[in-house]
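All of the numbers you see were taken from the coordinates with simple rules; none came from a lab. Because the structure is predicted, anything quoted here is derived from the model rather than measured. Virtual Cβ from ideal backbone geometry, glycine too; neighbours counted across all protein chains shown.
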Amino acid sequence: MDIAELLAQQAEGETGVLSRAFRRAARSAFLWPEEISDLIAQNRALTELRSVGPFIEKQIRTWLEKRPARVETVPAIRQDFMWLAEARRLLADRPAWRKKLRGDLQMHSRWSDGSGTIGEMANAAKERSYEYIAITDHSKGLKIAGGIDERALKRQQAEIIKENVATSKSGQEFTVLRSIEMNLSPRGEGDMSPESLLQLDLVLGSFHSSLRVLDDQTERYLAALRNPDIHILGHPRGRIYNFRIGLRADWSRVCAEAAKLDKALEIDCYPDRQDLNVSLLKIARDHGTRISVGTDAHHPWQLEFIDLGLAAMVRAKLSPQRIINFMPTEDLKTWIQQVRDRSR
Ligand SMILES: [Zn+2]
C-alpha cells in the first residue's frame, strides 16, 4: 500500500501520459495478487503486475532502495483502503470466514451496465460454491448506467426464474435472488413503483447523486433507511479512491437507526470503493447493525473482490451473526419478510 501511495503522489507531480500511467498503477495496486517485496525476493519482474511497465518498475525499484519520506502523509481521499494481497493473508489465518460466506449480494448483469449474462454471473458464483447471489442491476433513474424500468425488471425476473428452474433441475442448490440497486434521491426516495419492488426478493438502495456536498448528510441516511422499500443501503459513503471523499454523517446515529429498523448497511467490495470501510464498520459493530457484503461486480471475474469485504469484517471484528450473507437462503428470505412486514 506504500507503493500505491507513492504511485498516486507521483501521478500528482507528473502531467499527461505519465500522470495517467502512475494513477492507473496506483489503482491497480489493490488487485496485485502478491506483495512487491515477495516478487523481488524471488527475482521476478514487477511487470508481471497489472499496470506496471518497465518505466514504472524502474521507479518502484528506486523507491525500494531509498524509501521517500512523503509516503507518511496519506490524504483522506486515499485512506483506509485494503489491498488484495493483504486481505488474502488476513483470511488465510482465519479460514472460517470464507467458509461462512454463502453468497454475494450486489452485482450487475447485461441488463444494466454489467458485461456478464445472469447465467454467467450464476456460474461464476457456483464455482465459488455460493448458495445464492443477488442480481442488482441499476434502476431507471440512473440512465448513465443503463438503469432499467419496471417493464424491463419484469422481463429480467422471468429470465432469473428460468435460470433457477434449470439449476434446480440439474440437482444443484443455488438461487439467483431477484433484486435491484435502486437509485435514491438525496431525500431518500426511490425511483421504482413499490408494487414492482414487492415482486423482488431483496431491494438495495444507493445514492448516486449529490455526493460531493460537504455538510452533514445524516438526515439523508435516516430518510433512506426509513424508506419502506429498502432492505440494504448500498455503498453508504459514496467514496471513490483518489476521486471522491464520500459523504459526511453522524455514523453512530445512522448505524443505530439501521439497527433499530433491522436493515443492513453494505460493504461494497469494489476495490476503489471499499465502502463501508473498516473504521465505519467498527461503529456498525458497536450498534449491532446488520451488514451485507457485495462485490458490485460488473464482470464474472470480479466476484473475487469479495475478499476485500471479508477481510474488512475480520479487521473490524464484526460479529458473524450480524452478516446477512452468512445466513442460509431461507433465513435470508425470512429476514427480508420480517423487514417488509415491519415497514408496512
Ligand atoms: Zn451503485
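Would you kindly state how much longer the chain becomes between Leu64 and Ser185 on full extension, computed as 0.36 nm times their sequence separation minus their alpha carbon distance, in nm to one decimal?
Working it through step by step, the gained length comes to 38.9 nm.
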Residues meeting the amide H criterion for Thr295 (H placed from the backbone, H to H distance under 5 Å, 5 or more places apart or on another chain) are Leu105, Gln106, Cys269
Once amide hydrogens are built 1.01 Å from N within the peptide plane, the residues lying 5 or more places from Ser139 or on another chain with amide H under 5 Å from its amide H are Ile148, Glu181, Asn183
quick shape note, region 225-342: Cα extents on principal axes in Å, largest first -> 40, 33, 27
Region 1-95, Kirkwood Rh and Cα Rg, ratio Rg/Rh at 0.96
Mean shadow area (nm²) of the C-alpha convex hull around region 57-146 is 10.0 nm²
Restricting to Cα pairs under 8 Å and 6 or more apart, the percent relative contact order of region 1-122 works out to 22 percent
One can check that the equivalent ellipsoid of the chain, built from the alpha-carbon gyration tensor with semi-axes equal to the square roots of five times its eigenvalues, has lengths in Å, largest first, of 34, 23, 19
With Cα coordinates, the longest principal axis of the chain makes an angle with the long axis of helix 306-316, in degrees rounded to 10, of 90 degrees
Cα gyration tensor of region 121-275 diagonalised, 5x eigenvalues square-rooted, in angstrom largest first, produces semi-axes 29, 17, 15
If one compares the long axis through the Cα atoms of helix 251-261 with the longest principal axis of the Cα atoms of the chain, the angle in degrees, nearest 10, works out at 30 degrees
Restricting to Cα pairs under 8 Å and 6 or more apart, the percent relative contact order of the chain works out to 17 percent
The FRET efficiency for Lys126 and Val165, from their Cβ-Cβ distance with R0 = 22 Å and rounded to 0.05, is 0.90
Quick calc, Val213 & Arg342: beta-carbon distance into FRET formula, R0 35 Å, rounding 0.05, result 0.70
Karplus ³J(HN,Hα) for region 10-17 (6.51 cos²θ - 1.76 cosθ + 1.60, θ = phi - 60°; Hz, whole; x = Gly/Pro) runs 4, 4, 5, x, 9, 10, x, 4
Summing -39500 (n - 2.57) over every DSSP H run of at least 4 residues in the chain and dividing by its residue count gives a helix-only mean residue ellipticity at 222 nm, to the nearest 500 deg cm²/dmol, of -13000 deg cm²/dmol
For region 186-196, Karplus-derived ³J(HN,Hα) couplings (6.51, -1.76, 1.60; θ = phi - 60°; whole Hz; x for glycine and proline) come out as x, 8, x, 8, x, 10, 10, 5, x, 5, 5
Taking Cα atoms only, helix 150-169 is inclined relative to the longest principal axis of the chain by an angle, in degrees rounded to 10, of 90 degrees
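Order these by the 10 Å Cβ neighbour count, fewest first: Ser343, Ser210.
Lowest count first: Ser210, Ser343.
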By the Kirkwood definition, with r running over pairs of different Cα atoms, region 122-176 has a hydrodynamic radius in Å of 12.4 Å
When His138, His235 are arranged by how many other beta-carbons sit within 10 Å of their Cβ, fewest first, they go His138, His235
Among the Cα-Cα pairs of region 249-294, the proportion with separation greater than 15 Å, in percent, is 35 percent
Expressed in nanometres to one decimal, the distance between label points 7 Å along Cα→Cβ at Thr117 and Ala152 is 1.8 nm
Expected sort for 270-280, 82-92 on mean C-beta neighbours within 10 Å, highest first, is 270-280, 82-92
Whole-Å distance linking the alpha carbon centroid of region 68-89 with that of region 312-336 is 27 Å
Ranked from fewest to most other Cβ atoms within 10 Å of their own Cβ, Lys260, Lys66 fall in the order Lys66, Lys260
Over all directions, region 221-287 yields a Cα convex hull whose mean projected area in nm² is 4.3 nm²
